[in-house]
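J.: Please read through the structure below; I'll follow up with questions.
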């Protein structure tokens, strides 16, 4: 059986374990059902998420031209503190930015490789944690827009990391950290204007991933360098497929690639 299409980030359903669906734009594949089986991946061509042309994918699924034009790839996606939609100032597309940025956002603490601080839209919880491969997480603050959340994140980055080591995450090297203690410690460093957004809730959210065996060594698959790959799927974590030989495939990192997958 062959599935084919333009790669987009995997769709997830929270559960025990989490369920994953490979999103091929016009087709879907239940990836959990393939664990323990061999699959073959072939990179056929590229298809930019915006213009749809067969051009080299630059970043985030876009060709270089589109990457510097579309609002979905603007600087505020990575650096929410740069958001100015609340001031009515456009970065690339004010209508899109108002819809995306002027909605409730969450500042969270999550542990995938170590404790990190992050920002996401409220409706993206727990999807954001799942995409990062977090094992557990808690909500630190809830703001009314993206800028406010970004300012909190900037302040807290002086005391806690804002990035995840994907190698440690995939090896399941997850430390035991008291997130509530961390949260209470960080409360004192909230900017005065954003202190009111602190959430005192002590709920810890836990994620369970469908993995038979975690790899001891990591080999990253890049379809830009290797057009074909075949291996036995042994797990899924974050946006990665994990294979028996230690090869890992970052599905989200291949958005915009048109692939054929043989089961």
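The values are calculated or read from the model by the stated rules, or taken from the named source; none is laboratory data. Bear in mind that the values here come from a model prediction, so they are computed numbers and not experimental data. Glycine also receives a Cβ, built like all others from the backbone with ideal geometry; neighbour counts cover every protein chain displayed.
J.: Can you name the residue in segment 227-256 that is without any contact (Cβ under 8 Å) to a residue 60 or more places away in the chain and more than 13 Å from the chain's Cα centre (by Cα) and, of all such residues, is farthest from residue 39 (Cα to Cα)?
T.: 246
J.: List pairs: first residue in segment 5-16 and over 27 Å from residue 62 (Cβ atoms), second residue assigned to a loop (DSSP other than H, G, I, E, B) anywhere in the structure, Cβ distance under 9 angstrom, at least six positions apart or on different chains.
T.: Final answer for the pair search is 14/126; 14/207; 15/208; 16/208.
J.: I'm told residue 36 meets every condition in (1) under 30 Å from residue 244 (Cβ atoms); (2) modelled with pLDDT of 95 or more; (3) not in a loop (DSSP other than H, G, I, E, B) except one. Can you identify the failing condition by its number?
T.: (3)
J.: Scan segment 61-86 residue by residue and report those that are buried (at least 18 other Cβ atoms within 10 Å of the Cβ) and outside any helix (DSSP H, G or I).
T.: Within segment 61-86, 61, 62, 63, 70, 74, 83 qualify.
J.: Okay, next question. Residue under question is residue 95, and the condition is that it be farther than 27 Å from residue 155 by Cβ, in the same structural domain as residue 187 (by TED's automatic domain parsing) and either in a strand (DSSP E or B) or at pLDDT 95 or above (or both); does it hold?
T.: yes
J.: Taking residue 7 as the residue in question, decide whether it is in contact with a helix residue (DSSP H, G or I) (Cβ under 7 Å, 6 or more places away or on another chain) and either at pLDDT 95 or above or buried (at least 19 other Cβ atoms within 10 Å of the Cβ) (or both).
T.: Here the answer is yes, as residue 7 does meet what is asked.
J.: Still on this structure: Keeping to segment 21-49, report how many residues are within 24 Å of residue 77 (Cα to Cα) and crowded, with 17+ Cβ neighbours inside 10 Å.
T.: 7
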